[in-house]
Every structure is written in structure tokens, then in C-alpha cells.
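Quick notes on the structure that follows.
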Amino acid sequence: MAAILSLNFWLTVSLFAATWVWISRIFSTVRFRKNHPALEPTGPSGLGAAPPKISVIIPARNEEKNIGHCLTYLFKNDYPNFEIVVVDDRSNDHTPHLLENFSKLSPVPLRVVRIEKLPEGWTGKNYAMQTGSKAATGDWFLFVDADTTHTPSSISTAIQKALDSKIDLLTLTPETESVTFWEKTVQPLAIGSLAVWFDSTKLANGQFLLVSRRSYEAVGGNEVVRQKVVEDIELAKEVARAGFCVRLLDGTKLYRTRMYTSLKEILTGWTRILTHLFEKNLFRILEKIAMFAVFSILPFAVLAVEAAFALGGSPSFSQNLLILSFAVSTLIVAVRFVGNRMLKTDPWYAFLHPLGSLVMVWILLICAGRILSGRPSLWKGESYV
């Protein structure tokens, strides 16, 4: 009995701690959104008679599923002075053929640059970005991923904000599309976790990264971060260290992206990202696993166990724990429900929060395993040590 009372005591403490964490998350989210509203789309009318030339640079490695869609929407952009540079990074699918056709049909200047071999000491995306910058002729570089879909005013709005606020590197968060079961279950939780775990002033998003040529070349471009896996964050750090202004803003009204399409891609992609975002720090990753276990999984586990005890007439049943775990679980689902609506994904998937949390723990365990074993992360056929 003493052991049961002791266990119940610690479970109660943990459930109250989880309550405090989720209530704190509510207030921090409200405060963040109040201080960081989404950029409202604006047209090119406020840019004057001679807006700066922008080079939209798209690194593309085996992007046959995405590149056509991305280019089609960029062609519709209302910005009056931009070119597109697509860097075909050793693609061995139909990407080169698609790019050849699009280059003939493009209503804006479009140049395709082919990389045949990756030099030693570079990651693929870094070399593609650097190669694209060498071929670009714009005053500003806008690096975007091939899996992004842009509104007609995305470029105009971003450059207007950068010029008005004297920002040298502006990076925007997207609306994230979730289509399949696993995307809707895991992606909102993964993205929300990043917002909680990392200071927004130290983050950057390579899916939409607008940087002035002056600041980019001043720090040495992507060559200075040529071996970094999270090149967007590292490049932003270098630009900030050089004394230039760097800002991360909400671009959910300007573009959207579908990061991954399957559970396998989710596991592989987030393992690579989190391993390097945490700088291969095993302690930090184990800390996040513990946080998921206590604050996201435990309340639902206690609720399930106590409900089973109640139905089975077990002497170990605790009505207080049942009520408390039910209240905490309801709070979590409610927060996730609202959060999913904010992220424009199916809010009813909030009820699958325990499953999504288990997948996140699985991803973090894979990260820990890669750190301990020294095995590289894999993405698009490349190894990232």
C-alpha cells in the first residue's frame, strides 16, 4: 500500500507539472502571435519605379514531384523585376527534362544550372545554393525550396518588409500542408515543438530565405557554412555576427509547403533536422524524450490505466488520479485542437496527440542512436554526418 501511495503521489505531482507546462504554453503562444503577426500580402505598388532585382534561387535534387508546381506558382508572381535560377543538383529522375521544358515556356527569365559532381567538403544543398548565387544577377537572393507554393504577392510583400524595416536577411515560416494520416498526426506536433524548444530569434527557414547580395557576399555566402546540415540557421548566424539585421517572421499568408508525404519521410527528415539542430548533444535529446514522456504521454497513460482499474474493480484504482488525468488529457487535446486550427490542419487529429508523441519519441530515439553509433543521417540519397 505504501508503494502504491508513493507511486500515486509522484503521478499526481507529474500531472500537475504537465498542467502547468500546457497552461504556460497557451500564454506563450498567445504572446508570440500577438508580437509576431503574419505578414499581410501587399502588391508591388509601394516599391517605387525601380524595385531591386531579385534572383529566386531553387536548389533541386530529384524534385520531379515538386518542381513544376513550384515554378508554375512563381510564374504568377506580381513582382515586376525578378529572375529564376534553378540549380539541378545531380538529379537522376525526370527533373532535368521538366526543367528543359519549363525554361522554354517561362514568362520570366529562367536559367537552369546543372551540378554534375559535388566537391569534397560540401553538403549538396550548400553547394547548390552557392552555385545558384554565382549564376544570379539580382541585388537580392531569394532561396526557396522546390516543395513550396507561393502566392502572387509573396516576393513583393517580403522585399517590401525587408526594405521598410532595413532587414538584410528575412526568413519566413510557411503554412504547412498535411495530407496523409501520418502527416496530420505528427507534423503539427513536430512544428509546434520547434517553436517551444528554440528561440525564434535563433531560427531560420531555408524554405524561404531572402538575403541581400551585399550581406550574403560579405560573409562568404554558403561557402562559410559548406559542411553544415542546417545551413539556413548557420547562414543566418553568420550574417547576424557580421552586424547585419536578421529576422524570422510569419509568412503563412504568403506561401505554403508540404515537407513530407509518408511516415518514412517524416522519420528520416525529422531525424536529420533534430540531430543537427540539437548539435548532436545527447543530453538535450534525452531531455526532450523525458519531456514528451512526462508532459505528453503520461497523462493519457494514467487515464487509460485508471479507467481499466475502474472497469476491472481493481483495489489499486484511484478516483483522484482518474479525474486529474482526464482533466489534463482534455486540456492537452483542447490546446492541440486550437493549435491545429492555427496551423490550418485537421483539428480533430488533436485526439491522436498520444500517438504523435510516441512517433516524436521514436524520432528522438533514432537521433540518440545515430549520435551514439556515429551513423550518418540520410536524405535524398546523401549521408549527413
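All of the numbers you see were taken from the coordinates with simple rules; none came from a lab. Remember, predicted model here, so these are calculated numbers, not experimental data. A quick note on method: Cβ atoms are made from the backbone with ideal geometry, for glycine too, and the neighbour counts reach across all protein chains shown.
I need the shape label for region 1-108. Rule: rounded when a/c is under 1.5, else prolate if a/b > b/c, else oblate, with a, b, c from the alpha carbon gyration tensor. Taking the square roots of the gyration eigenvalues as a ≥ b ≥ c, region 1-108 is oblate. Specify the inter-centroid distance of region 9-82 and region 132-181, based on alpha-carbon positions, in whole Å. Cα centres, region 9-82 to region 132-181: 9 Å.
Any idea what diffusion coefficient the chain gets from Stokes-Einstein, in µm²/s, Kirkwood Rh on alpha carbon pairs, 20 °C, 1.002 mPa s? The Stokes-Einstein estimate is 95 µm²/s.
Each Lys and Arg Cβ is given +1 and each Asp and Glu Cβ -1; about its Cα centre, the chain then shows a dipole of about 380 debye. How would you classify region 44-260 from its alpha-carbon gyration tensor, with a ≥ b ≥ c the square roots of the eigenvalues: rounded for a/c under 1.5, else prolate if a/b is greater than b/c, otherwise oblate? The shape class here is rounded.
Would you mind checking LYS280/LYS344; LYS134/LYS280; LYS161/LYS202; LYS202/LYS288; LYS161/LYS288 for any pair whose Cα atoms are more than 28 angstrom apart? Can you show the working numbers first?
Details: LYS280/LYS344 32 Å; LYS134/LYS280 32 Å; LYS161/LYS202 19 Å; LYS202/LYS288 19 Å; LYS161/LYS288 35 Å.
Flagged as over cut-off: LYS280/LYS344; LYS134/LYS280; LYS161/LYS288.
Counted residue by residue at 0.36 nm each, then reduced by the alpha carbon distance between them, the extension gain from VAL179 to PHE16 reaches 55.2 nm. I'd like the distance between the alpha-carbon centres of region 197-271 and region 321-373, rounded to an integer number of Å. Here the answer is 26 Å between Cα centres.
Using the Cα centre of the chain as origin and beta-carbon charges of +1 (Lys, Arg) and -1 (Asp, Glu), tell me which of ASN81, PRO188, GLY68 is placed farthest towards the positive end of the dipole. Highest projection toward the positive end goes to PRO188. In order along region 128-139, the phi-based Karplus estimate (6.51 cos²θ - 1.76 cosθ + 1.60, θ = phi - 60°) of 3J(HN,Hα) comes to 5, 5, 5, 4, x, 5, 5, 8, 7, 10, x, 7 Hz; Gly and Pro are listed as x.
Classify region 64-175 as rounded, prolate or oblate, taking a ≥ b ≥ c as the square roots of the eigenvalues of its Cα gyration tensor: rounded when a/c is under 1.5, otherwise prolate if a/b is larger than b/c and oblate if not.
On the way: a/c = 1.85, a/b = 1.31, b/c = 1.41.
Verdict is oblate for region 64-175.
Using the Karplus relation 6.51 cos²θ - 1.76 cosθ + 1.60 with θ = phi - 60°, the per-residue 3J(HN,Hα) values for region 211-220 come to 9, 5, 4, 4, 6, 4, 6, 5, 8, x Hz, with x marking Gly and Pro.
Estimate the FRET efficiency between ALA327 and HIS69 by the formula 1/(1 + (r/R0)^6), using the beta-carbon distance for r and 30 Å for R0, to the nearest 0.05.
With R0 = 30 Å, the Cβ-Cβ based efficiency is 0.10.
What is the local net charge at ASP232, summed over the other residues whose Cβ is closer than 14 Å to its Cβ (Lys, Arg +1; Asp, Glu -1)? Could you put the intermediate results ahead of the total?
On the way: positive: LYS125, LYS202, ARG226, LYS228, LYS237, ARG247, ARG272; negative: ASP145, GLU231, GLU234, GLU238.
Value of the local net charge: +3.
Counting Lys +1, Arg +1, Asp -1, Glu -1, what net charge surrounds LEU274 among other residues with beta carbon under 14 Å of its beta carbon? Spell out each step's value before the answer.
Numbers: positive: ARG272, LYS280, ARG284, LYS288, ARG370; negative: GLU279, GLU287.
Result for the local shell: +3.
How far is helix 231-241 tilted off the main Cα axis of the chain, in degrees rounded to 10, range 0 to 90? Once rounded, one gets 80 degrees.
Which length gain, in nm to one decimal place, applies between LYS202 and VAL108 when the Cα-Cα distance is subtracted from 0.36 nm times their residue separation? Length gained, LYS202 through VAL108: 30.4 nm. Between helix 95-105 and the chain there is an angle of about 50 degrees, using the helix long axis and the longest principal axis of the Cα atoms. Each Lys or Arg adds one and each Asp or Glu subtracts one; over the other residues with Cβ under 14 Å from the Cβ of ARG25, this totals +3.
Exposed loop sites here are GluC sites (Glu not before Pro) in DSSP loop states with at most 10 other C-beta atoms within 10 Å. What is the longest stretch of the chain lacking them? The segment 121-278 is the longest one with no such site. Taking 7 Å steps out from each Cα toward its Cβ at ALA242 and LYS117 produces label points 2.9 nm apart. Extending 7 Å from the Cα toward the beta-carbon at both ASN8 and LYS166 defines two label points whose distance is 6.4 nm. Between the helical axis of 319-342 and the longest alpha-carbon principal axis of the chain there is an angle of about 10 degrees. Helices in the chain, meaning DSSP H runs of at least 4 residues, each add -39500 (n - 2.57). Divided by all residues, the mean residue ellipticity at 222 nm is -17000 deg cm²/dmol.
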